[in-house]
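Shown next, in structure tokens, is the structure this report addresses.
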Amino acid sequence: MMNTADHEGLSANRIKWLKLDNAAKIYPAAASRNWLAMFRLSATLNEKIDPRCLQEALNITIKRFPSFALRLKRGLFWYYLEPIKTMPLIGEDAGNPCINMRMENHRGYMFRVRYYENRIAVEIFHALTDGTGGLSFLETLTAQYLRVRHGVKIPAGGLILDADEEPKPEEWEDCFVKYARNASIGRSQPAAYHIKGTPEPKDFVNIITASIPVDQIKTISKKYNVSITEFIVANQLFALQRMQKEEIRASRRAMLLKVSVPVNLRQFYNAKTVRNFSSYVNPDIDPKYGEFTFEEICSRVKHFMGLEVTEKRMNARMSANVMTENNAIIRGAPLIIKNPAMKFFYYLQGDRCNSMNLSNLGIASLPEEMDKYVQRIDFIIGPLSYNPITTSCISHKGILYLTFTSKIKEATIQRYILTQMVKMGIHVKVESNQME
């Protein structure tokens with residue numbers, strides 16, 4: 001039950017209303033009755049979750065994240081965000097992660113906090129924040145839970161915000177607009193090869209998580225002179241090439257193979273925002289040039305990432321989006337016209353243009369006072385609108401958790417990727433939500 005102090009605490013937030021950030025604008029338009037761009041972060045503790053303590057921790061945490069206490073509203077020209085005066089409520093976890101969320105069933109919130117046994121999970125609509133912002137929220141929430149449950153004082157730092165500190169305006173600023181410049185890069189891309197398969201029933205997704213020792217995958221990556229992210233992308237492209245060779249239709253055997261890799265833009269700027277602030281790059285191989293060896297793919301991915309993941313190139317990429325948003329004709333068009341146009345643009349330039357994706361949140365590094373209570377951290381990207389398989393990973397306590405989310409029954413590409421790693425000498429432990 002929400003008390004008066006909780007209500008007043010949220011009402012006192014300094015945010016009166018907000019525009020959607022530049023990256024977020026596409027997601028409400030692209031959404032449908034059956035699909036939202038969702039992702040999930042979870043912390044598995046070494047004890048069973050106390051729901052009352054978790055609710056109290058959420059009441060504290062949401063006051064520290066006022067940009068999360070906002071509901072999506074439809075305006076005449078754009079969607080916008082307005083404050084919610086009631087507290088979010090926790091709920092028991094469901095069998096399927098990242099299923100479509102009806103925000104009106106969650107008091108208007110664009111996220112939900114779930115628990116099951118010893119796990120705390122946060123599922124978030126991408127219009128609210130990106131993976132880094134979501135991880136900050138989960139880590140801060142978990143720190144507050146341990147504070148409420150055990151009286152443990154977890155030091156703030158890294159992604160953990162100090163709940164006793166007043167929220168800062170820079171934490172909810174639109175950094176795309178703040179850091180954009182005049183130079184831009186064209187965004188037109190051809191359609192890429194896509195994996196086909198037997199669709200799963202509505203609201204069911206296959207989840208396969210591979211637990212991989214970080215030291216092993218790091219050693220093998222160094223052997224090929226690539227980073228861990230580049231190594232996984234190379235494995236994806238190599239497996240996609242193998243699948244594509246088995247295609248019957250010549251037109252599908254000739255399509256570009258491409259992996260979309262989100263890039264955290266905070267690394268280039270002194271940005272403190274917990275809203276969206278990431279872009280992407282798309283390393284690829286073109287089958288018209290012949291068959292690529294794994295070594296060749298590693299070299300291509302490494303050099304592609306080296307050229308593209310720079311401040312100037314990434315700034316030009318995000319600046320193109322900001323310039324489009326600021327176009328006088330687009331700004332003046334009513335939302336009833338913008339919506340179908342943005343939906344079509346998302347279809348043309350979204351996951352249709354990539355064969356797979358890889359979102360790597362890096363290392364979840366927690367303070368010692370907190371880490372002794374946490375067994376593992378997981379990161380899952382929900383189903384995409386067009387592409388049937390998503391890939392995400394995060395590392396914690398020396399283990400990299402690589403997760404595949406799939407809307408099709410066949411797990412061929414997952415098997416190819418993980419088998420390749422095993423053949424290279426990497427120990428892989430596989431978990432799945434399939435009963436058989």
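Here are a few things to note about the model shown:
- Filter result for F39 (closer than 30 Å to Y346 by Cα, in a loop (DSSP other than H, G, I, E, B) and not basic (K, R)): no
- Test: Y416 is surrounded by 19 or more Cβ atoms within 10 Å (Cβ to Cβ) and of a type outside the set (D, E): no
- Considering region 362-377, the residues that are crowded, with 22+ Cβ neighbours inside 10 Å and within 16 Å of the chain's Cα centre (by Cα) include one that is nearest to P201 (Cα to Cα), namely I377.
- Residue list for region 155-190, restricted to those being among the aliphatic types (A, V, I, L, M) and part of a loop (DSSP other than H, G, I, E, B): A156, L159, L161, A163, A180, A183, I185
- Within region 240-279, the residues that satisfy the criterion of being β-branched (V, I, T) and touching a strand residue (DSSP E or B) at 6+ places or on another chain (Cβ under 8 Å) are V259, V261, V263.
- Filter result for the condition that a residue is out of contact with any Lys or Arg (no Cβ under 6 Å at 6 or more places or on another chain) and over 30 Å from P169 (Cα atoms), over R249, R313: R249
- Applying a threshold of 8 Å to beta carbon distances and a minimum spacing of six or more residues, or different chains, the list of pairs starting in region 211-224 at a residue that is surrounded by 14 or more Cβ atoms within 10 Å (Cβ to Cβ) and ending at one that is aromatic (F, W, Y) reads S211/Y401; I212/Y401; I217/F231; I220/F231; S221/F231; Y224/F231; Y224/F294.
- Residue match in region 250-257 (condition: under 20 Å from the mean Cα position of the chain (by Cα) and under 20 Å from V301 (Cα atoms)): no
- Of all residue pairs spaced 6 or more apart or on separate chains, those with beta-carbon atoms under 6 Å, a first member in region 292-306 that is under 12 Å from A234 (Cα atoms) and a second member that is in a loop (DSSP other than H, G, I, E, B) and among the hydrophobic types (A, V, I, L, M, F, W, C) are C298/V226; K302/V226.
- When T229, T198 are checked against the criterion of being within 18 Å of T419 (Cα to Cα) and either buried (at least 19 other Cβ atoms within 10 Å of the Cβ) or touching a residue at least 60 places away in the same chain (Cβ under 8 Å) (or both), a single residue qualifies: T229.
- Test for V152: is it more than 23 Å from the chain's Cα centre (by Cα), in a helix (DSSP H, G or I) and surrounded by 12 or more Cβ atoms within 10 Å (Cβ to Cβ): no
Rule-based calculations on the coordinates, nothing more; no lab input. Note that this is a predicted model, so its numbers are computed, not measured. Heads up, the Cβs are rebuilt from the backbone with ideal geometry, glycines too, and the neighbour counts pull from every protein chain shown.
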